[in-house]
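Heads up, the thing below is written out as structure tokens.
The values are calculated or read from the model by the stated rules, or taken from the named source; none is laboratory data. No experiment lies behind these values; they were computed from the predicted model shown. Because the Cβ atoms are built from the backbone with ideal geometry, glycine has one as well, and the counts that use them run over all protein chains shown. Calculation scope for accessible area: heavy atoms of the full protein, side chains included, ligands and nucleic acids excluded. Shrake-Rupley method; radii C 1.70, N 1.55, O 1.52, S 1.80 Å.
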Amino acid sequence: MLLRDKVVVVAGIGPGLGRSIALAAAREGADVVLAARTAARLDDVAKEVGDLGRRGLAVPTDLADAGAAERLAEAALTAFGRVDALVYNALAMPPIKELREVHLEAISASFDANVVAALRLTRLLVPALAESKGSVVMINSMVVRFSQRTMGPYKLAKAALLAMAQSLATELGPEGIRVNSVAPGHIWGDSLKWYFGYLAKKRGVTVEQVYAETAEPLDLGRLPEPDEIADAVVFLASEMARAITGQCLDVNCGEYHH
């Protein structure tokens, strides 16, 4: 077990990748602290963690709220007495608009909800992570590898998140804390399946055709699934990656090379 008896905080639990990360950590022996705004979803995932023989602590949290982030850190340490890894998966999607048109207030809000919130929670857990010689994994996006019209605000936020993770790796390395990122491309989960269904209906074709057209240029000829992204996160959080920090691992079935 890569994370035997470790404590992993997963910030940003949804029905897709966040859940997969939490369950992957539990399968590898970790107790998991689960944070998101939707309490019912957290309880469901906490039960699934329990079914795997590990403890799951659900902490409803608006990660953009400073007080809520402080309560999350306190709850994790009160319940388990330690934190070995933080996985930051939360995302507040900025407007899909061109940078020359998007309201600057929206850009500012996006930075607060994505980059500043991630930095805040990391800083709150630095003392515990230093004690455990732990790890931080930031979930990024393949958007940092390309430019596309209307995706500028999203790329701006994710590029800042990547730069922050790299800088934190330099700052926190002397304390034994590793900081890395994972950048998925398309993830073949419920959200993408719904979107491909929408595209298929709009074009009058099958979902399978949309999938095939999207996957064909990729080296492996398929799209990665949530559990495959989660496995990469677990690897970076584990001692198997003990000499890896400041890196961004692309998990995209060969869509881009980096």
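When the stretch 187-210 is filtered for residues that are within 26 Å of the chain's Cα centre (by Cα), crowded, with 16+ Cβ neighbours inside 10 Å and among the small types (Gly, Ala, Ser), only GLY189 remains.
The single condition from (1) touching a residue at least 40 places away in the same chain (Cβ under 8 Å); (2) over 19 Å from GLY16 (Cβ atoms); (3) open to solvent by less than 20 Å² (accessible area, probe 1.4 Å) that LEU77 fails is (3).
Restricted to the stretch 73-106, and to residues that are touching a helix residue (DSSP H, G or I) at 6+ places or on another chain (Cβ under 7 Å) and among the basic types (Lys, Arg), which residue is farthest from TYR154 (Cα to Cα)? Of everything passing the filter in the stretch 73-106, ARG82 is farthest from TYR154 (Cα to Cα). Listed by first and then second residue, the pairs with beta-carbon distance under 8 Å, at least 6 apart or on different chains, first residue in the stretch 214-226 and in contact (Cβ under 8 Å) with a residue 24 or more places away in the chain and of a type in the set (Val, Ile, Thr), second open to solvent by 40 Å² or more (accessible area, probe 1.4 Å) and in a loop (DSSP other than H, G, I, E, B), are THR214/HIS186. Exactly one residue out of ALA85, ALA90, ALA69 is out of contact with any strand residue (DSSP E or B) (no Cβ under 6 Å at 6 or more places or on another chain) and either touching a residue at least 12 places away in the same chain (Cβ under 8 Å) or hydroxyl-bearing (Ser, Thr, Tyr) (or both), and it is ALA69.
When the residues of the stretch 1-46 are filtered to those that are of a type in the set (A, V, I, L, M, F, W, C) and part of a loop (DSSP other than H, G, I, E, B), the one that is nearest to LEU91 (Cα to Cα) is ILE13.
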